[in-house]
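The values are calculated or read from the model by the stated rules, or taken from the named source; none is laboratory data. As the structure is a prediction and not an experimental result, all values here were calculated from the model. Because the Cβ atoms are built from the backbone with ideal geometry, glycine has one as well, and the counts that use them run over all protein chains shown. Remember, those area values only see protein heavy atoms, side chains included, never the ligands or the DNA or RNA. Shrake-Rupley method; radii C 1.70, N 1.55, O 1.52, S 1.80 Å.
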Amino acid sequence: MFNYWYLLPALLFSPLLLIQGMSTRRKALRLPEPTGDRIGTAGTGKPFRLLVLGDSAAAGVGVSHQSQALSGQLAKSLSTDFCVEWQLIAQSGRTTLDTLHLLCDEPQQNKFDVVLISLGVNDVTSLVRRKTWIQHCRSLSREIQKVYSPKSIVWSDLPEMGKFTAMPQPLRWLIGKRKDHMRQSLAHWIAQEPAVSLLEFPDVFSQSEENIQDWIASDGFHPGEKVYALWGKLAADKIRDLAVV
C-alpha cells in the first residue's frame, strides 16, 4: 500500500513550490559530462560484457573524467576478476521514456552479460506519475532484453533526493517524499521480475563522521567521486553475487 499523505502539504504550499522549482532550474549550476572513453576493455580473465545505461549520473556528471565516474569505477572493480568489455550509453536529462525511445529508434547489435541502469531521478523531478513510470521501466526492461540479451539487468536504487542541497526547503522535502513513494513502486515491480535486480544503496549523506559536501558534487545535485567509487564497488559485488559470469 502506498501512502499519499505527503501530497496534502504539497497542495497547501503549491504556489511556493512552483516558484522554488522554477528558481532552482534557472539558478542550477550545470556541470558538464566528464571527458574520457565511453567504451573500453579492462583486466584479464574470463570475458565479461557490461553496459552502463542511463542519465547524468550514469554519464558521470560531478567528476572530470570517466575513470572517476560510475563506468570507470565499476570496470576497475570487476577487472580484478574478469576481462571487462564495457560500454557507456548515457546522457544528462534523460528520463526512462527517453532511454526507451533511444533503444527503439537506434537498436544496438552488441550483446551484454549485464546491463546496469541509472534512471529515475529525472522522472521524479519532472513529475512523471508513479504508475506511468513503472510502465516505462517495464517497457525498457523488455526492450533491453530484446536488444542486448543480457543475463541480468541491475537497476540502481534512487538516491536520497531529499538531501540534495541544490533544492531549497520545502521543495527538497517534497522531492524526497516523492522519491520514497516512487522507490517503493520500483522495488515492488523489480521483486516480480526475475531478470531484474535492485542495487540498493546506503544513505551516504547521513554518515556520522562526514558531511554531505564530502559526497556530493559542487552543484549540490550529482554524485561526487566518493559516491561513484562506492557505487562501482557495490555494483561489482552485486554482479558477482548474481553469478552471471
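Can you list residue pairs whose Cβ atoms sit under 6 Å apart, with the first residue in segment 31-57 being of a type in the set (Phe, Trp, Tyr) and the second being crowded, with 16+ Cβ neighbours inside 10 Å and part of a strand (DSSP E or B)? Count only pairs 6 or more apart in sequence or on different chains. Within 6 Å, the pairs are Phe48/Phe82; Phe48/Val84. Taking segment 114-141 only, how many residues are assigned to a loop (DSSP other than H, G, I, E, B) and open to solvent by less than 10 Å² (accessible area, probe 1.4 Å)? The qualifying residues number 2.
Scanning segment 218-238 for residues that are part of a loop (DSSP other than H, G, I, E, B) and crowded, with 20+ Cβ neighbours inside 10 Å, which turns out farthest from the chain's Cα centre (by Cα)?
Looking at the filtered set, the residue picked out is Phe221.
Note on segment 188-198: residues that are touching a residue at least 12 places away in the same chain (Cβ under 8 Å) and either open to solvent by 40 Å² or more (accessible area, probe 1.4 Å) or in a helix (DSSP H, G or I) (or both) total 2.
Buried (at least 17 other Cβ atoms within 10 Å of the Cβ) and touching a strand residue (DSSP E or B) at 6+ places or on another chain (Cβ under 8 Å): does that describe Leu103? Taking the combined requirement at face value, the residue does not satisfy it. Quick test for you: out of Arg129, Arg94, Arg138, pick the one residue that is among the charged types (D, E, K, R) and under 26 Å from Arg240 (Cα atoms). Testing whether each residue is among the charged types (D, E, K, R) and under 26 Å from Arg240 (Cα atoms) leaves just Arg138.
Once segment 156-171 is narrowed to residues that are out of contact with any helix residue (DSSP H, G or I) (no Cβ under 6 Å at 6 or more places or on another chain) and either closer than 29 Å to Lys111 by Cα or open to solvent by 50 Å² or more (accessible area, probe 1.4 Å) (or both), the residue that is modelled with the lowest pLDDT is Gln169. Annotation note: of Gln213, Gln192, Gln207, the sole residue that is farther than 24 Å from Ser77 by Cβ, modelled with pLDDT under 95 and over 18 Å from the mean Cα position of the chain (by Cα) is Gln213.
Among the residues of segment 119-148, write down those that are farther than 21 Å from Gln192 by Cβ and of a type in the set (Gly, Ala, Ser). Selection gives Ser126 alone.
Filtering segment 172-183 to residues that are open to solvent by 20 Å² or more (accessible area, probe 1.4 Å) and either farther than 26 Å from Lys233 by Cβ or among the small types (Gly, Ala, Ser) (or both) leaves Arg172, Trp173, Leu174, Lys177, Arg178.
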